[in-house]
Amino acid sequence: MTLPRRPATALGLLTACLLLAGCDGYAPVDDTDASGSLTRTIAEADRPAAPDLGGTTLDGDTVRLSHYRGDVVVVSAWASWCGPCVAEAPELARIQRVWRDRGVRVLGLDNDADSGRGLAFQKKHRLGYPSLRDPHGQLGGALPKGLVNLQALPYTIVVDRQGRIAASRTGPVAEAEMADVLTPLLKAPRPQRTATTHG
């Protein structure tokens, strides 16, 4: 018995997509269920170095990811026109507020073409953390391929104390689910500070 041509083609495309999705080299480790938490966590031995994302913030300051070396950093890409980003904003503000004293920092990547819209969003939602301007997605594009869907906002990566990517998520995150990822990462010792890093 042979399958009709169209279903066979669709099945072939699905198989190809699944194979390609499995080729990014970042297998899930201890992930929570697919309905909520982070898309994937990465085993310590397999964590890629995070690119040193940097530039000008919405407030006009200069910030680099390496300034936070020794802390666990939640990097979240967003835009003011993105509905899920609006829903996520209070969760990220809470992570910055509640987890800061434990050694967690939040760093945003604002994808708005108009910096005024991004700044208004930041003030309206009282984010309390800096967001780098990334209107053309160049900062996000520096991330290792396959970690997140750069075409879908919001997306998040979590960087461990050593500056390596420990987890990623395409879609909004919540403080409660992030706690399961942040807690074990905070148990790692802080690396020695150098003259080029900041608290």
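Based on alpha-carbon atoms, the Kirkwood radius and the radius of gyration of the range 53-184 give Rg/Rh equal to 0.91. The string of couplings for the range 162-168 from the Karplus curve (6.51, -1.76, 1.60, θ = phi - 60°) is 8, x, 10, 6, 9, 7, 8 Hz, one whole number per residue in order, with x for Gly and Pro. Segment LYS124..ASP61, full-extension length gain: 20.7 nm, with 0.36 nm per residue of separation and the alpha-carbon distance subtracted.
Amide H to amide H distances under 5 Å link ARG40 with SER168, where only residues 5 or more positions off or on other chains count and H is placed in the peptide plane. Shown here are the Rg and Dmax of the Cα trace of the range 115-164, at 12.8, 34 Å. Around the amide H of TYR155, modelled in the peptide plane, lie the amide H atoms of ALA77, GLY171, all under 5 Å away and 5 or more residues distant in sequence or on another chain.
Whole-Hz Karplus values for the range 117-134 come out as 5, x, 5, 5, 4, 4, 6, 4, 9, 6, 4, x, 9, x, 10, 6, 6, 9 Hz, taken residue by residue from phi with 6.51 cos²θ - 1.76 cosθ + 1.60 and θ = phi - 60°; glycine and proline positions read x. Residue by residue through the range 76-86, which ³J(HN,Hα) values in whole Hz follow from phi under the Karplus form 6.51 cos²θ - 1.76 cosθ + 1.60 (θ = phi - 60°), with glycine and proline marked x? Rounded to whole hertz, the list is 10, 8, 8, 8, 5, 8, 8, x, x, 5, 4. Ordered from highest to lowest accessible area with the whole protein assembly present and a 1.4 Å probe, THR183, THR41 read as THR183, THR41.
Once the Cα-Cα distance is subtracted from the 0.36 nm per residue extended length, the TRP81 to ALA113 segment shows a gain of 10.5 nm.
The values are calculated or read from the model by the stated rules, or taken from the named source; none is laboratory data. The shown structure was predicted, so the numbers you read here are calculated from the model rather than taken from an experiment. Accessible surface is based on the protein model in full, side chains and every heavy atom, while ligands, DNA and RNA are left aside. Shrake-Rupley method; radii C 1.70, N 1.55, O 1.52, S 1.80 Å.
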